[in-house]
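Step one of this worksheet: look at the structure below.
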């Protein structure tokens, strides 16, 4: 009987420790944006930032309504003509006449931290905006969840941890 009590007590300690340790981090599906400048000239780099600001102002009201990465992708696809038109208008205002290409693809990104959220290096779906030859320095951020595209200046990314053991005990005792 003492062995049974000791075994039950040891099992309770192990279960208690397991409850304190999270079993799984909730993952987000990210949609990034990557604006590639024509070159590293001051003009092309300045235009890249003008375009970034304009795309944020155009897309923010729509992306704030997205409930998933797929919603965000659909929004970008629906706004594609507006995106290209806005880019071409800014280029024209700056006396530039080169091509604008907007596409969605899965590409490699290095580790990057945005607003206290770190995205590890790897392949991510991204909206790619290529300006002209697209060989200059670029700008990238996250469209979904809206880290860069939000009316709320301080966007907080919440990470939830789940434990199967905690869920089991909640089920039993509720």
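Within region 62-81, residues that are modelled with pLDDT under 95 sit with their Cβ atoms under 7 Å from residues that are surrounded by fewer than 13 Cβ atoms within 10 Å (Cβ to Cβ), at 6+ positions apart or across chains, in these pairs: 64/151.
All conditions in (1) surrounded by 15 or more Cβ atoms within 10 Å (Cβ to Cβ); (2) without any contact (Cβ under 8 Å) to a residue 24 or more places away in the chain; (3) touching a strand residue (DSSP E or B) at 6+ places or on another chain (Cβ under 6 Å) hold for residue 125, with the sole exception of (2).
Can you give me the number of residues within region 128-146 that are touching a helix residue (DSSP H, G or I) at 6+ places or on another chain (Cβ under 8 Å), surrounded by 20 or more Cβ atoms within 10 Å (Cβ to Cβ) and farther than 14 Å from residue 117 by Cβ?
Counting residues in region 128-146 that are touching a helix residue (DSSP H, G or I) at 6+ places or on another chain (Cβ under 8 Å), surrounded by 20 or more Cβ atoms within 10 Å (Cβ to Cβ) and farther than 14 Å from residue 117 by Cβ gives 2.
Within region 89-135, the set of residues being over 23 Å from the mean Cα position of the chain (by Cα) and in a loop (DSSP other than H, G, I, E, B) comprises 94, 95, 96, 97, 98, 99, 132, 133, 135.
The values are calculated or read from the model by the stated rules, or taken from the named source; none is laboratory data. This one's a predicted model, so the numbers in the text were calculated from it and none came from an experiment. Note that each Cβ is placed from the backbone with ideal geometry, even for glycine, and that neighbours are counted across all protein chains shown.
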